[in-house]
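What follows is a short report on a single structure.
Read-outs: derived from the displayed coordinates by stated rules, not from any lab. Everything numeric here is computed off the predicted structure, so don't read it as measured data. Here the Cβ positions follow ideal geometry from the backbone for every residue, glycine too, while neighbour counts run over all protein chains shown.
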Amino acid sequence: MDHEKVNILLVDDQPAKLLAYEVILKELGENLVIASSGREALELLLKTEIAVILVDVCMPELDGFELAAMIREHPRFQKTAMIFISAIQVSDIDRLRGYEMGAVDYVPVPVVPEVLRAKIKVFAELYRKTRELERLNQELEDRVRARTAELENSTAKLRESEQRRSMAIAAGKMGSWDWDWISGDWMWDEGQYRIFGVSPESFEVNPANVQALLHPDDVDQLRKAIAEFNKGTRAYETEFRIIRPDGEVRWCVGTAAATVDESSRVVRVSGVTVDITERKRAEERQNLLAREVDHRAKNALALAQSIVRLTRADEVKAYVNAVEGRINALARVHTILSLSSWQGAELSRLIDEELAPYSLGGQIILAGPEVQLLPATAQTLALALHELFTNSAKYGALSTRSGRLTIGWQVKDQVLTLSWEESGGPLVMTPKSRGFGTRSLLASVESQLGGQAQFDWRAEGLLCRLEVPLTRKTTATTTSGKFDEAGSAELQRASG
């Protein structure tokens, strides 16, 4: 079932940046509200329920810090999540100032779309869950009031409440209980027994037995609740873990309310327990995703740094074109991998992406089965294919309309063999020395993938053969996300 959309306020005085944020955040499926100034943002906040505010630090008239201060002065927005975007280097004092104003995070420019989406998604989900919890609290208060009225005035109201409770029990996610504060007697409904993984026939509800089912680290929560009610607290809520008799650990949220006599003495405590294990697991998956996004970003930056550091050219324009081409090739394979949740990429898709910039008609023939590549293999092979296409477009068969290129591949014994055969282009001369593209291709395929790259500079056109193992774990990245030192050294030698 689709979740209820929340409103995300984007505040920036530059329309182009607002449009960029809209494009980045559109896939979250939330409502994006636009404000081009601090004053416009304040007007929207008074009219609209906002979950997250994304605000530019540097704006005329009312900057991000001043806007945050004005927002926090209003009682409605004291807990609204605000994320600052800054295109300038922010000092520690400015960061402190921002956090004092209620900022939950800073995002530097240029913005990494995946990171920004992950941050916004976390706070949007947190806002949604907070609202859900508020609704649960309201339901509990309504239920306690309804039960009191039902017991005193109407059995019909009691029947209606029991029907709602039965629905919760059927779902297996909610249970209710009552504790006679004077006699010490407990009453659990069927849902409560189900959550704790015990049965009424074999489990006696008393403080000692209940405490035995609590996670050792959460036992103090029960003691704290009792102490709070003794101090006069009328309602209490907490999250805790239980360990069922079969050893399964479950997360719960417990909400309790006290009934007092005429002398304000607690005589009964009633409560609701909700199994939130699935929600907790979802939060863990979200945190894992955030860490994965950070890991992927570091890997991409490491590869980009190596490309920039190792690219060589005699002129600035040639250098820029070479770097842009390699970075774009890396970006294309990242897009393919992201669509598969980083499970892998099809070889034919990599080739199609590299072909896209060229209008070649029928100059290219492709032949080969579907081959699924591991992420690290796909990254390295995409850069190698980029070098081959670039060189062919500049000097080889793809530089003329009469040229032809045949790319074929096959898999045998978990080894991918790819052949690149050019013909019909300019007369080919065996180069006296290998250029950076050829040397980096050799280094990446042989060092990073543990394969082989062979070149035959025939007069009628280049013949290249790549052999790449499909099962060996590549060494392009380490578990910390850093570029492998051995591979980097190979590329260093290739650039020399």
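Once Rh is set to the Kirkwood radius over Cα pairs, what Stokes-Einstein translational diffusion coefficient, in µm²/s, holds for region 171-230 at a temperature of 10 °C and a viscosity of 1.306 mPa s? Write out the running numbers ahead of the final one.
On the way: Rh = 12.5 Å.
Translational D for this selection: 127 µm²/s.
For ALA393 and LYS432 in the same chain, what is the full-extension length gain: residue separation times 0.36 nm, less their Cα-Cα distance, in nm? Mind dumping the intermediate values first?
Working: separation 39, 0.36 × 39 = 14.04 nm, distance 2.01 nm.
Length gained between ALA393 and LYS432: 12.0 nm.
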1/(1 + (r/R0)^6) with r = Cβ-Cβ of GLU262 and HIS74, R0 = 41 Å, i.e. FRET efficiency to nearest 0.05, evaluates to 0.55
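With a Förster radius of 35 Å, plug the Cβ-Cβ distance of VAL415 and TYR358 into 1/(1 + (r/R0)^6) and report the FRET value to the nearest 0.05. Show your work: numbers first, answer last.
Details: r = 29 Å, r/R0 = 0.83.
The pair VAL415/TYR358 has a calculated efficiency of 0.75.
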Pop the C-beta distance of ASP456 and SER341 into the FRET formula with R0 = 51 Å and round what comes out to the nearest 0.05. 0.85
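As an exercise, identify the GluC sites (Glu not before Pro) in region 353-404 lying in DSSP coil whose Cβ has no more than 11 other Cβ atoms within 10 Å. It would help to have the intermediate numbers written out before the result.
On the way: sites: GLU353, GLU354, GLU370, GLU387; in loops: GLU370.
Listed in order of number, the matching sites are GLU370.
Between GLU370 and GLU152, 0.36 nm times their residue separation minus their Cα-Cα distance comes to what? Please list the in-between numbers first.
On the way: separation 218, 0.36 × 218 = 78.48 nm, distance 7.26 nm.
Extending this stretch completely gives an extra 71.2 nm.
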What aspartates and glutamates could a cross-link reach from LYS121, if we take a straight Cα to Cα line under 12 Å and drop same-chain neighbours fewer than 8 places away? GLU27, GLU30, GLU283
Here the Kirkwood hydrodynamic radius of region 337-424, Cα-based and in Å, equals 13.7
Label point at VAL249 placed 7 Å out along Cα→Cβ; residues across region 212-230 whose backbone nitrogen lies under 17 Å: 212-221
Those GluC sites (Glu not before Pro) from region 226-289 that are DSSP loop and have at most 16 other Cβ neighbours within 10 Å turn out to be GLU248, GLU262
Around LEU46: net Lys/Arg minus Asp/Glu count, Cβ-Cβ under 15 Å: 0
Cut-off 12 Å between beta-carbons: net charge of the residues surrounding LEU347, Lys and Arg +1, Asp and Glu -1: -4
What full-extension length gain, to one decimal in nm, is calculated for GLU237 and LEU46 as 0.36 nm per residue of separation minus the Cα-Cα distance? 65.7 nm
Which entries of LYS17/LYS394; LYS173/LYS224; LYS119/LYS317 show an alpha-carbon separation above 26 angstrom in the structure shown? LYS17/LYS394; LYS119/LYS317
